[in-house]
Structures are given as C-alpha cells and as structure tokens.
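Peer 1: Encoded as structure tokens, here's the structure I'll be asking about.
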Amino acid sequence: MIRKARLRDVKDIHRLVSHFAKTGQVIPRPLGELYEAVREFFVYEVPEKDLIAGACALHISWEDLGEIRSLVVSEEFQGTGIGAELVKACLSEARDLGLSRVFVLTVAPDFFEKLGFKLIEKSELPHKVWADCIRCPKFPECDEVAMVKDLETGD
C-alpha cells in the first residue's frame, strides 16, 4: 500500500536510500535530512510483513517545478510496479500542488520514459537544482541524465 511517510518510517527510508546510494543509483541522504524531508516522501508499506519496501520523494524546487528524488524499491519487490506507483503518487501530489513540471536526474531513463518523462539537457534546468550535486560521490563526473514531465499537457 502506498501512503505518505510518517516519522516512524524514516529509519527504513534511510536504510533503503543508503543501500542504493552505495550502488550509485541515488544520492546518499543523511538521517537528519530525511527527518526534515519526511513530508516529501511516499512509502510502499507491506503491512503483513511490517516492512517499508519502497520510497520516493517529491521535492519542490521552484514555484512551478518539482523533482522526483530518492526513488528506491527493495530488490525483492523490484519489477512489481511499486516504483511506478510511487512516482505516480508524487506526480498526483505535484498536480494537486499546482506544479506544471517535474524533473528527475536518473541513471534509469527507460523507466522514467515509460512514465511519460522526456530527456532534456541538464543545462535546461535552473542552477538551483544542482545544490545536491556537490554532495554526490559522482560529482563532477555525473552519469545521470535529466528528464522532465510537463504536467499541464501530460507531456
């Protein structure tokens, strides 16, 4: 079940993000930062296992621009559609908030393309979005691509 994250979920989110940060799939996030950003996150909970199997955040970058970040799904649940559902929950919230565009920096462009995101040049994004990059272990040799989804037209 997908729901908004709660404070009790933060350590599980941190565990997932830390695991996938080691593989270079997401940027590492300190535990304190995740507590501060808990309202940005959706989680996929498996109640019968008392388990958080996935998480994804919608970060507001500007008055009309949001970012999908920290999309993580436990290996045992990958390929089941959980990642797509988490992204869709973030996109729904983005629409509810009145955002017109959402972007992602990703090493998995095929996944996001299936969800309607289109490749763009990183230089098309405002400089403000690069604040997290300085902490990334890949900086300045980034292998991520930028993608955007226009929410007003669905493009």
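Peer 1: Answer yes or no as to whether residue 21 is on the phi < 0 side of the Ramachandran plot and touching a helix residue (DSSP H, G or I) at 6+ places or on another chain (Cβ under 9 Å).
Peer 2: Judged against the criteria, residue 21 is not a match.
Peer 1: So for segment 71-82 (the condition being without any contact (Cβ under 8 Å) to a residue 60 or more places away in the chain, in a helix (DSSP H, G or I), surrounded by fewer than 17 Cβ atoms within 10 Å (Cβ to Cβ) and small (Gly, Ala, Ser)), does at least one residue qualify?
Peer 2: Looking through segment 71-82, none of the residues is without any contact (Cβ under 8 Å) to a residue 60 or more places away in the chain, in a helix (DSSP H, G or I), surrounded by fewer than 17 Cβ atoms within 10 Å (Cβ to Cβ) and small (Gly, Ala, Ser).
Peer 1: With the structure loaded, tell me whether residue 31 is surrounded by 13 or more Cβ atoms within 10 Å (Cβ to Cβ) and farther than 21 Å from residue 89 by Cα or whether it fails that test.
Peer 2: So residue 31 fits the description; yes.
No lab work stands behind these numbers, since they all come straight from the coordinates. Just so it is clear, the structure is predicted and the values come from calculations on it, not from any experiment. All Cβ positions, glycine included, derive from the backbone under ideal geometry; neighbour counts span all protein chains shown.
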